[in-house]
Number of protein chains: 4
Amino acid sequence: MTTTSRTAVQVGDRTIEIRELEVPPLAAGEVLVRIEGCGMCGSDLESYRGAIVKAGLSQYPHVPGHEPVGRILSIPDDVAAVWGVEEGTRIAVEPFVPCGVCDRCLGGEYRLCRNRFIYSCTPTTRGSGLWGGFSEYMVLRPNSVVHRVPEHISIQDAVLFNPFGAGFEWAYKAAGTQVGDAVLVLGPGQRGLASVVAAREAGAEKIIVTGTKRDVHKLAVASAFGATDTIVVDDEDTVGRVMELTEGRGADRVIDVTSQATQPVLDAVAAARPGGTIVIAGLKDAVPIPGFVTDQLVFKDLVMRGALGVSSWSFAQAIRVIGSGTYPLDLMHTHTFGLDDLEHAHAVLAGEVPGEDAIHVTVTL
Amino acid sequence: MTTTSRTAVQVGDRTIEIRELEVPPLAAGEVLVRIEGCGMCGSDLESYRGAIVKAGLSQYPHVPGHEPVGRILSIPDDVAAVWGVEEGTRIAVEPFVPCGVCDRCLGGEYRLCRNRFIYSCTPTTRGSGLWGGFSEYMVLRPNSVVHRVPEHISIQDAVLFNPFGAGFEWAYKAAGTQVGDAVLVLGPGQRGLASVVAAREAGAEKIIVTGTKRDVHKLAVASAFGATDTIVVDDEDTVGRVMELTEGRGADRVIDVTSQATQPVLDAVAAARPGGTIVIAGLKDAVPIPGFVTDQLVFKDLVMRGALGVSSWSFAQAIRVIGSGTYPLDLMHTHTFGLDDLEHAHAVLAGEVPGEDAIHVTVTL
Amino acid sequence: MTTTSRTAVQVGDRTIEIRELEVPPLAAGEVLVRIEGCGMCGSDLESYRGAIVKAGLSQYPHVPGHEPVGRILSIPDDVAAVWGVEEGTRIAVEPFVPCGVCDRCLGGEYRLCRNRFIYSCTPTTRGSGLWGGFSEYMVLRPNSVVHRVPEHISIQDAVLFNPFGAGFEWAYKAAGTQVGDAVLVLGPGQRGLASVVAAREAGAEKIIVTGTKRDVHKLAVASAFGATDTIVVDDEDTVGRVMELTEGRGADRVIDVTSQATQPVLDAVAAARPGGTIVIAGLKDAVPIPGFVTDQLVFKDLVMRGALGVSSWSFAQAIRVIGSGTYPLDLMHTHTFGLDDLEHAHAVLAGEVPGEDAIHVTVTL
Amino acid sequence: MTTTSRTAVQVGDRTIEIRELEVPPLAAGEVLVRIEGCGMCGSDLESYRGAIVKAGLSQYPHVPGHEPVGRILSIPDDVAAVWGVEEGTRIAVEPFVPCGVCDRCLGGEYRLCRNRFIYSCTPTTRGSGLWGGFSEYMVLRPNSVVHRVPEHISIQDAVLFNPFGAGFEWAYKAAGTQVGDAVLVLGPGQRGLASVVAAREAGAEKIIVTGTKRDVHKLAVASAFGATDTIVVDDEDTVGRVMELTEGRGADRVIDVTSQATQPVLDAVAAARPGGTIVIAGLKDAVPIPGFVTDQLVFKDLVMRGALGVSSWSFAQAIRVIGSGTYPLDLMHTHTFGLDDLEHAHAVLAGEVPGEDAIHVTVTL
């Protein structure tokens, strides 16, 4: 039986074609998945604009989409046993496929795997080519990392496994957040909101979120998710306000999930308490941080760390918490599009469509 | 071309046959290794006597030998790339083959892998059957964990990668040993001596090793490896002596690598300093510890942990330190046998052959 | 001006006299506190029966009471500045007074201070003698550790700072409890209930509490505080039930706060997941644990630790959470007595008074 | 009996007077010490030039000298008991006096004490005024942190307790250095050399030290202390050379102890391995780091931390290792001066005296 797949193929910067591709016979150990939906986030925008190819991390053509949720159509028995799944299981797929045997994989840092394969940026010329989530069908390699997704979770909620995984990884694990902490989240986007949820699950006493005037709808969602305070950075003195809210102590943990802005890095250093931890997760387009003074790290005994990728543990927490129904996740779901609207979806998420205040966008297949 | 392999096959308790087996065609991803030598330790003795099969962890027939070093004869290109080796590379093979995708593997605890395959106790009825190190040829699965072994290391030293890996894992990582610590090693066998080396590399100030009167030759090796003090437990009050040597403070870390004895567990609790750490790595044949009082863990705020298996990092350190030439490892190498003497080798290692004071035994192929 | 203090003085095993003592002039740096109330827990019972003196940790006569809350009447300026308080501040007083300069204090383990002074078991022959909380007035040394107690907290809630501090120390810090964990709390007394609260604040997914048939009222409080499941150990198979509730995985963290019982230690080992952590905080009257097999620690790669005392951080969390009003703490407050009823209070707490099902007892001054 | 003390008093920027001061009667709990010698380091230079007063951390007049070693002349019994010393004990004195009861002290971070008293920068107008080490007599407060100094250690070696304590704190504890690590030390001054010793004690495999052409005598000492490689940054490509020496992996730990230079911060980021740790301990005169790109922290998953001060544990390791005689410390001792030459001593240490290549300078009293 020949199956065909309606699949988005990115063929150049800002150019995606919807093609009807043949699903080829699977190689040994491979798994076929019928995708149900795929989330979109800021890195989809960067990829769409060509940043991934420019950085030498991918080539055209390739199938984008790195936040896929779908259902297993066929799977070899031995892979099913190891994954703990079967045909018909609904799964979320992690973007990185680890080799499993390099020193980093064996040391528990498979996000840094020396031989990793990445869904959404592997060219179609390799194997089946169906290596991305904006596609009816996706092919998985046997050492993929997948998570069961309970049936009661809507597809819009389900694809949040990706940003929420990042929230747990960055605002909890990387930050070392403890019960009773004051957590400052710089940036109220998907990952900022996910950080609020993670900090709340971790028992933080204060969760302070910053945004600009354009972000007030996002700050409202942050409050609904459990942020204790919000700061509009255009109107308020961020550091002064954090000091006030923490009675002069400063924030125990600061999570910077703003992209492109450099001021938040300086704010992070100024607003952290002595001995505190700063997690930088937002990328700044390789721009240096003007005014960054390491002496302040020294005098305040600060830890500043970059955070790349998400561990399996964090993805698992994300799915568990999403499924718990504790948070009004609906508030994040501003848009759902079909594959045909993919280019428009990018524009909406980018804030390029007047009147559309996107927070989270789902593409359904 | 058909290759045959002279291979030890354990067919029952205490019964090993040397057979000439055909090396079958390799399955996808498999690697063929010409074994050069394989070390022996206490768990070989237990396996030989039938403990592994009795515990339901294996079945007869199977090829024993879990400390193999050899040279790669054939390897698929993709596996070679991931392992970072080529045909002809001399390697040491870890006993556990992890699945790479279960929560424990992904969390860096692949020693606890839910789907692990174990060399030396997988039956010959599965695949090639050549799953052990007491064999001219051994077949490796593609997700095996292997380490390059420098050519200048003798085979007797090379096979020490296994007990020395345990030394780093138990006396350093599991114990949390720090620069300046007083480390008490209970038991002067292969793993006790390896613990001395690990503690020394970690900058311990005092390394105290215990043994019985029958162990005086082993205690002498411990001293040559850097133990600062030795205690003959038949003649001396172990705990009193540790307190004296540590000026009443007690040991920061205690490593129990005695097998079957239960008194060392009580000694460990008594000799540890308040706030110290005890690592139990020696098995006691499932015998309870008479007189074990948890109140002492409470009053002394002690951590007591069991330690199972060895991480890749520790195996890598072992090979590095073995290759450095820092330690007079020759002192450990009491016996080298060929495959035909395998049953005798077990008897010698077990101390059942009068006049033979074995410490470490190598089987060469 | 001469002040007198109505004070409980323990003069022998099970013998407390209420005396009118003169408050002597304070020594340099000392602080005078008017006690408002003092909590009672299991260690008060042990002390009352003579265990502390028998263990050589105290002598008669002394003023018992180690969970005091009161108001500062007089304090030297330099001490006030360091403590961050003033006359009139309502405070909770930690039981241990650290020296501040021994290696353990400087290493952050002041619970193990080599020179510590302990309120509630220092004889009246030393200095003012007013070293306990069952007294109108109490004298504090300048290096005491105190915490502000918000005015809106009832005295019954306030004195819970002590058991709740233990909950955070044992069920969170010592256990290393993480978001999403399954936490098993063995024993539903004050410290068990406090452990439920701490585990809940830490984001545990499952909190399972055990008790006997006599504890059903306590198990009900555990449920009200957020326990997801309770087990009546007389009726149910504890380990089997934990396995069922955790889908065969076992508990990530086990907290044993049972006193005297030894079976919970075996249950802890059996119910913990591979790689899990067991915290033993309940004392067993120095009785050995029959059937304790260290091999199980090894095969399961378990950490078992004793936990002694409580850190300042944990006491601070306790007061914060008590003040938050999140938990129906009233359910714990079964009895409040005056100083004249102190002997009766011990009997009630000990369960020796028919019809009185005590959980937590407060003595008001 | 009236005692007088020849004491250096800094009365203004770059102005020190040697005065004959009366030793006043001691206040309660104070300890009198006859100073034997006091080390000098870069922060003495900064203080001498006025940086400490300018920063508002001190006022004139005050007695400088923060690395003192001396002998106890008089001590109250209760303080002697807590310190574990007696009259006549030779001690090294830590610069910070912790309050012992603030949250940071109780959390084991007494370097960040909220109420700390600092020797060498407390004005003479407070109490005895003898709060610095460039003085025959020094007065210590009862909560000072002191360490016994064995009699066999020369005074020049003994005063190294301070920079060597920093070495253990920064290159070991803050960096998390492990056995087998590749450690890059940027800067070959006292603290760089101390970092070499700490890394060596910790079992580092590679220790790479950088310096300028003017530092070649210091790099020679680094090699004598165990550095495996040195890099002259004027002549060589630092990052390229580190990559070469680590076979392309990068350094596991990078310790920046350069002062004022900003390029080392960029080198640290570029030379660290993915997942590595960078410790910034060198101050840069509050100058921003041009070209500092946080994206590199993200892509490499780096931890960068500032390190302020030294823990008691690290000072204790320093004295132990100094006393062990393992390292040819003589190579560091380029100059010893008396109190009358103190201004000259500053000039020599600052490299302002032609022909004098100072590494470490001791002032004897």
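For residue C:254, indicate whether it is touching a residue at least 12 places away in the same chain (Cβ under 8 Å), under 24 Å from residue C:47 (Cα atoms) and assigned to a strand (DSSP E or B).
In short, no.
Name the one entry in D:180, D:167 that is open to solvent by 10 Å² or more (accessible area, probe 1.4 Å), within 14 Å of chain B (Cβ to nearest Cβ), at pLDDT 95 or above and in contact with a helix residue (DSSP H, G or I) (Cβ under 7 Å, 6 or more places away or on another chain).
D:180
What residue, among those in segment B:227-249 that are farther than 17 Å from residue B:266 by Cβ and free of Cβ contacts under 8 Å to residues at least 40 places away in the same chain, is most open to solvent (accessible area, probe 1.4 Å)?
B:247
Between B:252, B:267, B:256, B:285, which is under 29 Å from residue D:326 (Cα atoms) and under 24 Å from the mean Cα position of the chain (by Cα)?
B:252
Within segment B:18-47, can you find the residues that are under 27 Å from residue B:332 (Cα atoms), modelled with pLDDT of 95 or more and not hydrophobic (A, V, I, L, M, F, W, C)?
B:34, B:36, B:37, B:39, listed by residue number.
I'm trying to understand the selection: among the residues of segment B:263-278, which are small (Gly, Ala, Ser) and facing chain C (nearest Cβ under 7 Å)?
B:275, the sole residue that qualifies.
Quick one: is residue B:76 within 11 Å of another protein chain (Cβ to nearest Cβ), out of contact with any Lys or Arg (no Cβ under 9 Å at 6 or more places or on another chain), open to solvent by 20 Å² or more (accessible area, probe 1.4 Å) and within 18 Å of residue B:27 (Cα to Cα)?
Criteria not met by residue B:76.
Does residue D:127 satisfy the condition of being part of a loop (DSSP other than H, G, I, E, B) and more than 14 Å from chain C (Cβ to nearest Cβ)?
When the stated conditions are applied, residue D:127 does not pass them.
Can you pull out the helices (runs of 4 or more DSSP H) entirely within segment C:279-365 that have at least 1 residues that are within 14 Å of chain B (Cβ to nearest Cβ) and surrounded by fewer than 17 Cβ atoms within 10 Å (Cβ to Cβ)?
So the answer is C:294-299.
Given the conditions (1) open to solvent by 20 Å² or more (accessible area, probe 1.4 Å); (2) part of a loop (DSSP other than H, G, I, E, B); (3) closer than 20 Å to residue A:161 by Cα, which single one is not true for residue A:65?
The number of the failed condition is (1).
List every residue pair whose Cβ atoms sit under 8 Å apart, with the two residues 6 or more apart in sequence or on different chains, where the first one lies in segment C:1-23 and is farther than 16 Å from residue C:132 by Cα and the second, anywhere, is assigned to a strand (DSSP E or B) and open to solvent by less than 60 Å² (accessible area, probe 1.4 Å).
Here the result reads C:2/C:23; C:3/C:23; C:3/C:137, each pair linking segment C:1-23 to a residue that is assigned to a strand (DSSP E or B) and open to solvent by less than 60 Å² (accessible area, probe 1.4 Å).
Going by what's in this entry, would residue B:192 be described as among the small types (Gly, Ala, Ser), touching a helix residue (DSSP H, G or I) at 6+ places or on another chain (Cβ under 8 Å), within 14 Å of chain A (Cβ to nearest Cβ) and open to solvent by less than 10 Å² (accessible area, probe 1.4 Å)?
Criteria not met by residue B:192.
Restricting attention to segment C:295-311, does a residue exist that is under 25 Å from residue C:221 (Cα atoms) and out of contact with any Phe, Trp or Tyr (no Cβ under 7 Å at 6 or more places or on another chain)?
For segment C:295-311, residues under 25 Å from residue C:221 (Cα atoms) and out of contact with any Phe, Trp or Tyr (no Cβ under 7 Å at 6 or more places or on another chain): present.
Can you tell me which residues in segment B:195-208 are closer than 24 Å to residue B:313 by Cβ, open to solvent by less than 10 Å² (accessible area, probe 1.4 Å) and among the aliphatic types (A, V, I, L, M)?
Answer for segment B:195-208, where residues must be closer than 24 Å to residue B:313 by Cβ, open to solvent by less than 10 Å² (accessible area, probe 1.4 Å) and among the aliphatic types (A, V, I, L, M): B:196, B:197, B:198, B:199, B:202, B:207.
Of all residues in segment A:17-44, which are under 27 Å from residue A:194 (Cβ atoms) and open to solvent by less than 20 Å² (accessible area, probe 1.4 Å)?
If the condition is that a residue be under 27 Å from residue A:194 (Cβ atoms) and open to solvent by less than 20 Å² (accessible area, probe 1.4 Å), then A:33, A:35, A:37, A:38, A:39, A:40, A:41, A:44 are the ones that fit.
I want to confirm something. Restricting to segment C:101-124 and keeping residues that are touching a Cys at 6+ places or on another chain (Cβ under 8 Å) and open to solvent by 50 Å² or more (accessible area, probe 1.4 Å), which single residue is farthest from the other protein chains (Cβ to nearest Cβ)?
C:116
Name the single residue that is nearest to residue B:272 (Cα to Cα) among those in segment B:286-296 being touching a helix residue (DSSP H, G or I) at 6+ places or on another chain (Cβ under 7 Å) and at pLDDT 95 or above.
B:296
Quick one: which residue in B:58, B:144 is of a type in the set (S, T, N, Q) and more than 14 Å from chain A (Cβ to nearest Cβ)?
After ruling out the rest, the residue left standing is B:58.
In segment C:159-202, which residues are among the β-branched types (Val, Ile, Thr) and either in contact (Cβ under 8 Å) with a residue 60 or more places away in the chain or in contact with a Ser or Thr (Cβ under 8 Å, 6 or more places away or on another chain) (or both)?
Passing the criteria: C:159, C:177, C:183, C:185, C:197.
Pairs only if they're at least six apart or on different chains, beta carbon under 9 angstrom, first in segment B:63-87 and on the phi > 0 side of the Ramachandran plot, second surrounded by 15 or more Cβ atoms within 10 Å (Cβ to Cβ) and of a type in the set (Ser, Thr, Tyr); list them, first residue then second.
Pairs found: B:65/B:119; B:65/B:120; B:65/B:135.
Condition first: in contact (Cβ under 8 Å) with a residue 60 or more places away in the chain and open to solvent by 10 Å² or more (accessible area, probe 1.4 Å). Now tell me which residues in segment A:126-147 satisfy that.
Scanning segment A:126-147 gives A:127, A:128, A:136, A:137, A:141, A:142, A:146, A:147.
Within segment A:80-87, can one find any residue that is away from chain B (no Cβ under 14 Å), open to solvent by less than 50 Å² (accessible area, probe 1.4 Å) and modelled with pLDDT of 95 or more?
No, segment A:80-87 contains no residue that is away from chain B (no Cβ under 14 Å), open to solvent by less than 50 Å² (accessible area, probe 1.4 Å) and modelled with pLDDT of 95 or more.
Show the residue pairs meeting these rules: Cβ distance below 8 Å; 6+ apart or different chains; first residue within segment C:267-284 and among the polar types (S, T, N, Q); second residue open to solvent by less than 10 Å² (accessible area, probe 1.4 Å).
Listed pairs, sorted by first residue: C:277/C:175; C:277/C:254; C:277/C:302; C:277/C:304.
Within segment A:92-131, can you find the residues that are of a type in the set (A, V, I, L, M, F, W, C) and more than 18 Å from residue A:166 (Cα to Cα)?
Hits for segment A:92-131 are A:99, A:101, A:102, A:105, A:106, A:117, A:121, A:130, A:131.
The values are calculated or read from the model by the stated rules, or taken from the named source; none is laboratory data. As the structure is a computational prediction, the values presented were derived from the model and not from experiment. Cβ: placed from backbone, ideal geometry, glycine included. Neighbour counts: every protein chain shown. Accessible surface is based on the protein model in full, side chains and every heavy atom, while ligands, DNA and RNA are left aside. Shrake-Rupley method; radii C 1.70, N 1.55, O 1.52, S 1.80 Å.
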